[in-house]
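Asker: Take a look at the following structure, please.
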Amino acid sequence: MSCHANKCIACTVQQCTHHCQDADYCSLDSILVGTHEGNPTMDQCTDCKSFRMK
């Protein structure tokens, strides 16, 4: 399967359906970044809300 790598969105999450297997990029045109915290203070508090399990 060929993937259109969006070179503006680097991604290393190989379990996501949008990850390009031949390169560490996302195939989406844009992503939604959110948080699971009321007051995020570290990068671990943020999430890619566009993630979809393969």
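The values are calculated or read from the model by the stated rules, or taken from the named source; none is laboratory data. All of these numbers come straight from a predicted model, not from anything done at the bench. Positions of Cβ are generated from backbone atoms using ideal geometry, with glycine treated the same way; all protein chains shown enter the neighbour counts. The accessibility values were calculated without ligands, DNA or RNA, using every heavy atom of the protein model including side chains. Shrake-Rupley method; radii C 1.70, N 1.55, O 1.52, S 1.80 Å.
Asker: How do the pairs read when you match residues in region 1-19 that are within 19 Å of D47 (Cα to Cα) with residues anywhere that are part of a loop (DSSP other than H, G, I, E, B) and aromatic (F, W, Y), using Cβ under 9 Å and keeping only pairs 6 or more apart or on different chains?
Answerer: Short answer, once both residue conditions are applied: V13/F51; Q15/F51; C16/F51; T17/F51; H18/F51.
Asker: Name the pairs whose Cβ atoms lie under 6 Å apart, with the first residue in region 38-53 and modelled with pLDDT of 95 or more, the second open to solvent by 100 Å² or more (accessible area, probe 1.4 Å), and 6 or more positions between them or separate chains?
Answerer: If the second residue must be open to solvent by 100 Å² or more (accessible area, probe 1.4 Å), the pairs left are D47/H36; K49/L32; S50/L32.
Asker: Now for a different question. Say we look at region 1-25 and pick out the residues that are hydroxyl-bearing (S, T, Y) and not in a strand (DSSP E or B); which of these is least open to solvent (accessible area, probe 1.4 Å)?
Answerer: Step by step, filter region 1-25, then rank; the result is T17.
Asker: Which is open to solvent by 80 Å² or more (accessible area, probe 1.4 Å) and hydrophobic (A, V, I, L, M, F, W, C), of L28, L32?
Answerer: The match here is L32.
Asker: Are any residues in region 38-54 in a loop (DSSP other than H, G, I, E, B) and surrounded by 12 or more Cβ atoms within 10 Å (Cβ to Cβ), and if so, which ones? Break it down into steps so the answer makes sense when it comes.
Answerer: Residues of region 38-54 that are in a loop (DSSP other than H, G, I, E, B), as a first pass: 38-42, 49-52, 54.
Hits for region 38-54 are P40, S50, F51.
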